[in-house]
Amino acid sequence: MWNDIRFGARMLVKTPAFTIIAVLALALGIGASTTTFSVVNALLLKPWPYIQDQNRLLYVSEYFPKVSSEHDNGVAYPDYLDFKKQATTLEGFGTTTAATMILSDGEKPDRYLGAFITADAFSFLGVQPILGRIFRADEDQKGATPVALLGYEVWKNHFGSDANIIDRVVTINGKRVTIVGVMPKGWRFPEACDLWMPLQVEEKENARGNFNFACFAKMKRGVSIEQARAELEAIGTRIAADNPQTNSGVSVRVRFFREEAVSDAKTLTLLLMGAVLFVHLIACANVANLLLARGASRAREIGIRLALGAGRRAIIRQLLAESLVLAVVGSALGLILAVWGIDLVIRAVPVEMPYFIRFDFDWRVFSFSLALGLGSAVLFGLFPALQASRPQLVEAIKEGGRSGIGGGKGQRVRNGLVVAEVALALVLLVGAGLTLRSFLKLQATDIGIDPSHTLTFRVGLPPTQFKQEDAGRFFTALIPQIASIPGVESSAATTSLPASGNIGVSALILEGEAEPRQLQNARLAHGLAITPGYLATCRIPLLRGRDFTLADNKDSQRVVLIDELAAHKWFPHTDPIGRQLAMLEKLGEPPKWATIIGIVRNVVYDRLTERREFPCVYAAQYQNPEWFMSVMLRTKTDPAAFANFARAAVLAVNKEIPIYKVKTMDQVMVESFWERRFFGTLFTVFAGLALFLAAIGLYGVMAYSVRQRTQEIGVRMALGAQAGDVLRLVTGHGIRLVASGLAIGVVFAFFLTKLLQGNLEGVSVHDPLSFGVVSAVLLIVGLLACYLPARTATQLDPVRALRYE
Amino acid sequence: MIRLHNLERSYPLGRGQLFYVLRDIDLDIAEGDFVSIMGPSGAGKSTLLHILGMHDHGWTGEYFFDETAVHHLKAKERATLRNQQIGFVFQQYHLLDDLTVYENLDIPLSYRHYSKSERAALVADALDRFQIVGKKDLYPRQLSGGQQQLVGVARAIIAGPKLLLADEPTGNLHSSQGEEIMELFRRLNEEGMTIVQVTHSEKNASYGKRIVQLRDGWIV
């Protein structure tokens, strides 16, 4: 075998053009496949760092099937306590809520995303700190000494990797907190947190009906998810029976934690993996075609070997050894391409990835790459080897004194491979076309505001440190400060940015209506608070009534704005202006009535890929101040250039308050559908690669065919064929192949695009435009790929062609 | 019918030097003539035949075909003239493998834009005339060498050329098959077809009316 490999390598070196083309085609296929596999590995296969027995980790949520079976509400805190107390199938049950944590020890305040988490969570997750200890079980009790765990990066960057950090008291959100431990590098549970504090919850402030906690649990060893689900559902039913007003119609969702964490990207990633394997198949078909052509040109060498007594098996082994060398070199180069590919993929993701998604290569990625290479060697090498090793000595001799021209026994197989390549390319291009159209439609969505020339940032006062009145005063002072920056047209603040998805759903009642007996029957609406000037800054048209003013403060009568949908849905036959509504903040408490003073145009607040049809109610920020707001400023020039001015303006109002999530509104829009753009771009890149490879394949086959048919073409010219006839002859052959590929591809695409169902916006999976344009593009590219060999054929000298052997 | 005057064909050897394949050829061929071009290998016989057949354009001198100055024609005009006036028979038959006998006969007609019905009639005539009706659906590989060359001749004359050029037409055939083909040529010539053949065989040359000897590119 070693001799075969050595000889194979020598033969490959002797034909550098063939070797380079074959290796590059394989490297492109393997590189693209390995890049995508790294994503699949990161999402679905690679164990998450530090978490023990992660296959027993569950995600638990509550939701109203009547409202939406897709959207989880989270778990109400009292429900969480019941689940935790009553579940016997679980080893641990935890909850966490993300929060801004401002570390103000140092020259300037640093804002981190932190998490309040149940004290025993890290214990049952199995993670150990690198310094100090994790939380004690009693540290989430009300009144316990405030403690915190530092993330590795905070410890390193904020505290200079101070080895004596344990027991040091620092200020977090204005509170003196003792550091009890430092977590290992890379640990950012649940997704991207850098600081952790025990979750201390006042049950009376988080009554039933407020479904706002993310819960996770760990099953006991030997328990199946079905058993755990059955038990939690039974507990949920008991809670509903005891608390019908809040929990009637509430269902419990139990999934594996990993499944939940990657649910958004899983389908598209697997589709992408399928697509990229198509690309690789096209690359393999190209190499197989090259090998078939090479085998034909080596018929004499192989014939001599057979005549000298070589067995067929020995010939096949030798030819496969060459394929093996190609595959190994292709795999190695493919891995290098994959390193760059992953780098590009990471750069293309505009949002922060959860800590557990790590694209670095591990043994799975290396094994995949090698296995793909070896598998491909068999795939593209075996048939050409079988074909070339056929003992056709007599036939070969007969063909030497041939009576006619144009036989080419491998031609049918080569034609078949090109047809397959075109069909595969069409499927990929249609997929890319659909995702691209969907993404373009999303990009062109009218969200109800003018996102141009607008900078946004998040800022807020931690409720543990500041009272509600402080928050009111802060924003009252900040907005004019921002608006006075030269170049700023207007400024305002909102609890929810348009298209950000950062918006809650609240229950409400209209005047004259009784409070609903059950939460699931309540009127629901998106609710947000805004400052005066928000409509002008966003350029949201006020359709009727008036906008908020500074006079709408805590001393004045409560007022709200509603959108067109609310007006249409709630007041179909009456004028909403002057009517009253009340948001049900806590069930059982007397409703706080507010008067509707205006109707505005509908605005999309959900992420564009997760739109829900809820009416919208705008509350006046200064009547019931929120602690955290997104500030928006409309600028006359490039909005990104105003970030530092905005930061300075905030520090001028309160030097301890940092700003974060500084983005232009255009960026917010892009993030609103980034997955679609990301996968659409990758699909398009891979489809482009497929098109390129298929075109090269077609060109190769046509060029080879022209070479094989040189004599035939010469005869035809001698018999009277003119340039046009020869051009038609060659391109006709190519176009027949392309047309066959298109026909087969369209049928496959028709069925395979159904896999994209649910991941497209405003485009049918059988969109005729995408199918039509893609077919036309492939046909044009196919024509071009045929044209060059065809033109060569027309320029043949018939005298030479007739002598050609 | 054909008049060549001072015709020369050469190939560059590099450094401005030329290798002459044909030198100062003066040749007249009358209508109804049957000329055999003979000479040793490399004498330029096939080259001369391809120049007569207007496949080769890299020559100098004068070539008149029925008073048409071929040397003044563009490539496309030559191709048109060739298609109207000349048929070709090859030593290796050069039938198209993937086409049946019928389709092989149809090919030259299709390049001359005959209508479908005209083509069908002409092919039927040719099959009948050459007594190969029973073989019309066979592929070349299913025929003997003699039969293949018979088809080759039929194909060469199907479009009614005035001149038939043949390059060693019996070179790949055994003697009895060769004789049949030469007899066929004689008959065609008697019917008025002008024939120019390249041959090594004295016997085949004897079927013609005169012999042109070539040596090192010169007519001797």
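The values are calculated or read from the model by the stated rules, or taken from the named source; none is laboratory data. Because the structure is predicted, anything quoted here is derived from the model rather than measured. Here Cβ is always computed from backbone atoms with ideal geometry, including for glycine, and neighbour counts include all displayed protein chains.
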| task | With the condition kept exactly as written, say whether any residue in the stretch B:47-56 is surrounded by fewer than 20 Cβ atoms within 10 Å (Cβ to Cβ), more than 12 Å from the chain's Cα centre (by Cα) and either within 12 Å of chain A (Cβ to nearest Cβ) or hydroxyl-bearing (Ser, Thr, Tyr) (or both). | result | no
Checked A:ALA652, A:ALA641, A:ALA620 against criteria (crowded, with 17+ Cβ neighbours inside 10 Å and at pLDDT 90 or above); the one match is A:ALA620
Filtering the stretch A:69-97 for residues that are touching a Gly at 6+ places or on another chain (Cβ under 9 Å), within 21 Å of A:PHE256 (Cβ to Cβ) and of a type in the set (A, V, I, L, M, F, W, C) leaves a count of 1
- request: Please tell me if A:ALA695 is over 30 Å from B:ALA156 (Cα atoms), in contact (Cβ under 8 Å) with a residue 24 or more places away in the chain and away from chain B (no Cβ under 14 Å).
  value: yes
Exception for A:ASP82 within (1) surrounded by 17 or more Cβ atoms within 10 Å (Cβ to Cβ); (2) touching a strand residue (DSSP E or B) at 6+ places or on another chain (Cβ under 8 Å); (3) of a type in the set (D, E, K, R) falls at (2)
Within the stretch B:83-102, residues part of a helix (DSSP H, G or I), more than 7 Å from chain A (Cβ to nearest Cβ) and in contact with a helix residue (DSSP H, G or I) (Cβ under 9 Å, 6 or more places away or on another chain) come out as B:VAL101, B:TYR102
Restricted to the stretch B:194-204 and to residues being buried (at least 21 other Cβ atoms within 10 Å of the Cβ) and not β-branched (Val, Ile, Thr), the residue nearest to the chain's Cα centre (by Cα) is B:GLN197
Checked the stretch A:771-805 for anything more than 14 Å from chain B (Cβ to nearest Cβ) and either of a type in the set (Gly, Ala, Ser) or outside any helix (DSSP H, G or I) (or both); matches are A:GLY772, A:SER775, A:ALA776, A:GLY782, A:ALA785, A:ALA790, A:ALA793
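Within the stretch B:29-38, does at least one residue satisfy the condition of being assigned to a loop (DSSP other than H, G, I, E, B), among the small types (Gly, Ala, Ser), crowded, with 20+ Cβ neighbours inside 10 Å and more than 14 Å from chain A (Cβ to nearest Cβ)?
No, the stretch B:29-38 has no match at all.
Starting from residues that are in contact (Cβ under 8 Å) with a residue 12 or more places away in the chain and in contact with a Phe, Trp or Tyr (Cβ under 9 Å, 6 or more places away or on another chain), keep the ones in the stretch A:65-78 and report whichever is surrounded by the fewest Cβ atoms within 10 Å (Cβ to Cβ).
Taking the stretch A:65-78 first, the residues in contact (Cβ under 8 Å) with a residue 12 or more places away in the chain are A:65-68, A:71-78.
Subset that is in contact with a Phe, Trp or Tyr (Cβ under 9 Å, 6 or more places away or on another chain): A:71-77.
Working: A:HIS71: 13, A:ASP72: 18, A:ASN73: 22, A:GLY74: 19, A:VAL75: 27, A:ALA76: 23, A:TYR77: 23.
For the stretch A:65-78, the residue satisfying everything is A:HIS71.
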Within the stretch B:69-79, restricting to residues that are facing chain A (nearest Cβ under 10 Å) and surrounded by fewer than 16 Cβ atoms within 10 Å (Cβ to Cβ), the one that is nearest to A:GLN722 (Cα to Cα) is B:LYS76
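So that you can scan it fast, the table gives a plain yes or no per residue for (1) more than 25 Å from A:LEU478 (Cβ to Cβ); (2) outside any strand (DSSP E or B); (3) among the polar types (S, T, N, Q):
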site	(1), (2), (3)
A:LEU424	yes, yes, no
A:LEU429	yes, yes, no
A:GLY433	yes, yes, no
A:LEU436	yes, yes, no
A:PRO451	no, yes, no
A:PHE457	no, no, no
A:PRO463	no, yes, no
Flagged in the stretch B:125-139 as in contact with a Leu (Cβ under 6 Å, 6 or more places away or on another chain), over 16 Å from B:LEU99 (Cα atoms) and not aliphatic (A, V, I, L, M), in numbering order, are B:PHE130
(message) Can you say whether A:ALA471 is in contact with a Pro (Cβ under 8 Å, 6 or more places away or on another chain), among the aliphatic types (A, V, I, L, M) and part of a strand (DSSP E or B), as far as the supplied structure shows?
(response) no
### Task
Answer yes if at least one residue in the stretch A:657-673 is modelled with pLDDT under 90, under 23 Å from A:LEU436 (Cβ atoms), surrounded by fewer than 22 Cβ atoms within 10 Å (Cβ to Cβ) and more than 14 Å from chain B (Cβ to nearest Cβ), and no otherwise.
yes
A:GLU91 vs (1) in contact (Cβ under 8 Å) with a residue 60 or more places away in the chain; (2) surrounded by 16 or more Cβ atoms within 10 Å (Cβ to Cβ); (3) among the charged types (D, E, K, R): all pass except (2)
Within the stretch B:163-220, the residues that are of a type in the set (Asp, Glu) and under 18 Å from B:GLU31 (Cα atoms) are B:GLU190, B:GLU191
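Given the residues A:ALA148, A:ALA119, which is the only one that is within 22 Å of A:ALA214 (Cβ to Cβ), touching a residue at least 40 places away in the same chain (Cβ under 8 Å) and touching a helix residue (DSSP H, G or I) at 6+ places or on another chain (Cβ under 6 Å)?
A:ALA119
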Of the residues in the stretch B:103-116 that are surrounded by fewer than 16 Cβ atoms within 10 Å (Cβ to Cβ) and in a loop (DSSP other than H, G, I, E, B), the one that is nearest to the other protein chains (Cβ to nearest Cβ) is B:HIS113
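For the stretch A:702-714, check the following and say yes or no: at least one residue is surrounded by fewer than 18 Cβ atoms within 10 Å (Cβ to Cβ) and outside any loop (DSSP other than H, G, I, E, B).
Yes; the residues of the stretch A:702-714 include at least one that is surrounded by fewer than 18 Cβ atoms within 10 Å (Cβ to Cβ) and outside any loop (DSSP other than H, G, I, E, B).
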Counted residues in the stretch B:136-153 being touching a residue at least 12 places away in the same chain (Cβ under 8 Å), within 12 Å of chain A (Cβ to nearest Cβ) and assigned to a helix (DSSP H, G or I) come to 9
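Out of all the residues in the stretch A:215-231, which are of a type outside the set (Lys, Arg) and more than 13 Å from A:TYR63 (Cβ to Cβ)?
Matches in the stretch A:215-231: A:PHE216, A:ALA217, A:MET219, A:GLY222, A:VAL223, A:SER224, A:ILE225, A:GLU226, A:GLN227, A:ALA228, A:ALA230, A:GLU231.
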Subset of the stretch A:552-609, residues assigned to a loop (DSSP other than H, G, I, E, B), of a type in the set (Val, Ile, Thr) and crowded, with 17+ Cβ neighbours inside 10 Å, comes to A:VAL603, A:VAL604
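A quick yes/no check of all residues on (1) assigned to a helix (DSSP H, G or I); (2) surrounded by fewer than 16 Cβ atoms within 10 Å (Cβ to Cβ):
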residue	(1), (2)
A:CYS215	no, no
A:ARG221	no, yes
A:ALA230	yes, yes
A:ALA240	yes, no
A:ARG253	no, no
A:LEU272	yes, no
A:LEU277	yes, no
A:HIS280	yes, no
A:ILE315	yes, no
